[in-house]
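Okay, so here's the structure we're looking at.
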Amino acid sequence: MDFVQEIISVDEDKRTFTVRLIPNPRRYEWKEVDGERYLYDKLDKVLFPGRVLFDLAKQMTGQPIYFQPQEIDNAEQYIKSRMPIVRTRLKGDEKPATFGDKSEAFLESLAQDKLGFVIMCVDIVGSTKLSTNLEPENEKYTRLISTVLYEMSEMIPKFHGHVLKYTGDGLIGYFPEPSFITKNEPTSYNSG
């Protein structure tokens with residue numbers, strides 16, 4: 001389900017917070033059918049009995065919240081927000097990024113399942129020529145490649161993807177076919 005979160009309280013000492021989850025009004029609306037309340041999903045055109053949702057809410061009390069990476073809503077704003085980080089990295093004011101394969105556990109969990117993927121290969125065209133034109137002692141080439149790979153690694157999870165492998169001046173990423181959750185994440189809502 002798609003919820004809007006309202007923070008009710010935060011306890012810094014216990015590192016906990018209380019939040020109210022409200023069905024997103026852009027996607028859902030309450031309807032009454034034969035004297036019973038239902039939550040109507042405007043996207044999937046499905047009615048959920050209110051009593052079932054309230055029972056589910058009681059079971060969720062005190063449960064950890066699933067983490068989902070923040071997505072990119074507006075490419076131009078995202079690029080502007082990343083530019084100070086990119087400039088800092090290119091100047092060498094920050095340690096080079098270390099890259100690791102974080103997707104191994106995910107792939108192992110799928111050993112018995114069939115799942116479709118989209119594979120993405122990124123390779124920086126002309127990087128060999130670029131490496132010969134930049135002075136190796138200044139490490140400009142290393143910073144440039146590291147920055148590009150770092151930014152790609154930051155962006156891929158925002159599209160529900162994973163980095164499989166780094167290939168020197170590039171990387172291989174993969175995007176599993178949509179799950180029920182990601183399949184139902186519309187970029188816009190309408191009631192028609």
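Structure data summary
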quantity: Hey, residue 129 modelled with pLDDT under 85, surrounded by 11 or more Cβ atoms within 10 Å (Cβ to Cβ) and in the same structural domain as residue 148 (by TED's automatic domain parsing) or not; calculated: no
quantity: Boolean, residue 175 is at pLDDT 85 or above, surrounded by fewer than 17 Cβ atoms within 10 Å (Cβ to Cβ) and under 16 Å from residue 71 (Cα atoms); calculated: yes
quantity: Yes/no for residue 145 being among the aliphatic types (A, V, I, L, M) and modelled with pLDDT under 80; calculated: no
quantity: Residues satisfying the stated conditions in the stretch 26-43, i.e. on the phi < 0 side of the Ramachandran plot and surrounded by fewer than 12 Cβ atoms within 10 Å (Cβ to Cβ); calculated: 30, 32, 33, 36
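The values are calculated or read from the model by the stated rules, or taken from the named source; none is laboratory data. What you see is a predicted model; the values in this text were computed from it and never measured. For neighbour counting, all protein chains shown are included, and Cβ atoms are generated from backbone atoms with ideal geometry for every residue, glycine included.
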